[in-house]
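Where a number appears in this text, it was derived from the coordinates with a stated rule and is not lab data. Since this is a predicted model, take the numbers as computed values, not measurements. Please note: Cβ atoms are built from the backbone with ideal geometry, for glycine as well, and neighbour counts cover all protein chains shown.
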Amino acid sequence: MLEIKGLAVSYGATTALAGVALHVEAQEAVCVVGPNGAGKSTLMAAIAGGVSPRAGSITYEGKPILGMRPENIARQGISLVPEGRHVFGTLTVEENLFIGTYAMADRRHAAADAEMLLGYFPRLKERWRQPAGRLSGGEQQMLVIARALMTRPRLLLVDEPSLGLAPKIVDTVYETLLSLRRERQLTLLINEQSSERMLRFSDRIYVIRNGRILLHGRTEELRDGEAIARAYFGFDDKADAALEAAP
Ligand SMILES: Nc1ncnc2c1ncn2[C@@H]1O[C@H](COP(=O)(O)OP(=O)(O)O)[C@@H](O)[C@H]1O
Ligand SMILES: [Mg+2]
């Protein structure tokens, strides 16, 4: 469904991504895990058309999308939930949910889609007429995910949904995303800083650090977490040898 090759992004003298290759199959849940500053958000911005890569290719459903304007990429069926849970605090939950649909040429399905999504996010229904700024962090995370789904994406990019949320709420967010995948044929690409949850919820994992993919594989093969920790923290063979040689 999504295929990225040789992707390179720089911000002035800073190299954010170098030679990144990644693919996502339809209806997979794929996680990109890496420390702060690894390049995760840049990768999602590049897919969604928010930054201009120096090199590489991005193909979505067989069509090159690199260089397309963000609104055209969204129209292909890709939606990004940026990190930080940006809601319009003084607008109601309802207004926040519909805000992305006002510019749509055909919004006949918007009301029915909102109704369908509220089945997945019942808390939002309870908070329907309240200002979004008064919601808890978890409710705001659900709101931004629901809002991103209002454009009917087939591929949802979710940037660090668990940041700052209690573990129980994070589980709810993930269980909801996986239900949407199962029942609405959604494909998921998710950024996280911690791999622990990804070991439970994803099909495949990419570990990114310093703008490079250092490890990727099926989650069941990475289950013990050791290879991920090595890639994540940058232990190399020499460091290991030094550790083993130490008294
Ligand atoms: N707008 C920007 N201008 C300059 N440097 C940036 C910008 N955004 C990100 N960077 C740098 O690019 C690298 C990757 O950042 P980012 O993609 O945000 O990583 P992550 O999401 O994994 O924390 C970091 O070194 C960061 O400081
Ligand atoms: Mg980030």
Practice item. Obtain the nm distance between the two label points defined at Asn36 and Asp224 by a simple spin-label model: each point lies 7 Å from its Cα along the Cα-to-C-beta direction. Key: 3.1 nm
Check your understanding: Rounded to the nearest 20 Debye, what is the dipole magnitude of segment 54-107 about its Cα centre when Lys and Arg each give +1 and Asp and Glu each give -1 at the C-beta?
Key -> 280 debye
Practice item. Could you state the angle between the C-alpha long axis of helix 137-149 and the longest principal axis of the C-alpha atoms of the chain, as a value from 0 to 90 degrees rounded to the nearest 10? Key: 80 degrees
**Study point:** Overall Cα dimensions of segment 110-247 - principal axes, largest extent first, Å
**Key:** 64, 30, 24
Review point. Between Thr90 and Glu175, how many nm apart are label points set 7 Å from Cα along the C-beta direction?
Key: 3.7 nm
Exercise for review: Measure out, as a whole number of angstrom, how far apart the alpha-carbon centroids of segment 35-86 and segment 104-143 sit.
Suggested key: 24 Å
Revision key, fill the gap. Measuring from the longest principal axis of the C-alpha atoms of the chain, the long axis of helix 110-120 (C-alpha) lies at a number of degrees, nearest 10, equal to 60 degrees
Exercise for review: For the chain, find the longest principal axis of its Cα atoms and tell me its angle to the long axis of helix 167-184, 0 to 90°, nearest 10.
Suggested key: 70 degrees
Check your understanding: For segment 1-135, what is the largest minus smallest coordinate of the Cα atoms on each principal axis, given in angstrom and ordered from greatest to least?
Key -> 46, 31, 26
Review point. Can you give the charge dipole size of the chain about its Cα centre, rounded to the nearest 20 debye, using +1 on the beta carbon of Lys and Arg and -1 on the beta carbon of Asp and Glu?
Key: 740 debye
Practice item. Rounding to the nearest 20 debye, state how big the charge dipole of segment 58-170 is about its Cα centre with +1 on each Lys and Arg Cβ and -1 on each Asp and Glu Cβ. Key: 120 debye
**Study point:** Largest-first ellipsoid semi-axes for segment 76-117, taking √(5λ) over the Cα gyration tensor eigenvalues, angstrom
**Key:** 18, 15, 10
Study note, to complete from the structure: Simple SL model, points at 7 angstrom along Cα→Cβ for Gln76 and Trp128; separation in nm is 3.7 nm
Study note, to complete from the structure: Given Cβ charges of +1 for Lys and Arg and -1 for Asp and Glu, the option among Tyr232, Pro122, Ser202 whose Cα lies farthest towards the positive end of the dipole of the chain is Pro122
Practice item. Mind sorting Ile228, Ile58 by how few other Cβ atoms lie within 10 Å of their own Cβ, fewest first? Key: Ile228, Ile58
Practice item. For the chain, compute the number of Lys pairs whose alpha carbons are separated by less than 29 Å, excluding pairs fewer than 8 positions apart on the same chain. Key: 6
Practice item. List the residues of segment 209-231 whose backbone N lies under 20 Å from a point placed 7 Å from the Cα of Ala13 along the Cα-to-Cβ direction. Key: 210-211
Check your understanding: For segment 27-49, list residues with backbone N below 19 Å from a point placed 7 Å from the Cα of Asn210 toward its Cβ?
Key -> 33-43
Check your understanding: In whole Å, what three semi-axes, largest first, describe the equivalent ellipsoid of the chain built from its Cα gyration tensor (square root of 5 times each eigenvalue)?
Key -> 32, 21, 16
